[in-house]
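What follows is one structure encoded as structure tokens, with my remarks underneath.
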Amino acid sequence: PQESGRAVFAGDVTLDLASLDARDAGRSIEVWLFAGNVEVELPRDHPTRITVHVMAGNTTETSIDDETRTTRGPFQVRTTGANLSGAEPEEITEVQVRMFAGNVEIEGTDMTNVTSTSTSMLESEATR
């Protein structure tokens, strides 16, 4: 499996994963950002799990059905993904986003297998 990543001190990062396919099975991708914004586009067909670690900020997920869920607050750890149901562990591409302060937007989740922890998390209602 391939490993790749990006480290940025401040700014915006766009991670377009829409073209991931079976050749990317088991791949690991990491993004490190001190402050800024990360935008992630998940693939429609390839199993992909994303874990977001944010010291202070927001994480917004939009599903393929346009359902939106936002998590705000300090010390967030949020895991979500796309196409995970029935996928074998070795088929899944793992994405890690680690950030001190900022916002993460994730597009294309299927809102399944979501886990979230925070010491002071404020989570909005899911909206359509």
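Every number here is computed from the coordinates shown, using simple stated rules; none is lab data. Since the structure is predicted, the reported quantities are computational estimates derived from the model, not experimental observations. Every residue, glycine as well, gets a Cβ built from its backbone with ideal geometry; the counts of neighbours run over all protein chains shown.
Observations, loosely collected:
- Rounded to 5, percent antiparallel among DSSP beta bridges of region 7-93: 60 percent
- Spin-label model, residue 8 to residue 79: label points 7 Å out along the Cα-to-beta-carbon direction sit 2.6 nm apart.
- In nm, spacing of pseudo-spin labels at residue 28 and residue 16 (7 Å Cα→C-beta vector): 2.7 nm
- Stretching residue 68 away from residue 100 to a fully extended chain increases their span by 9.2 nm, per 0.36 nm per residue minus the current alpha-carbon distance.
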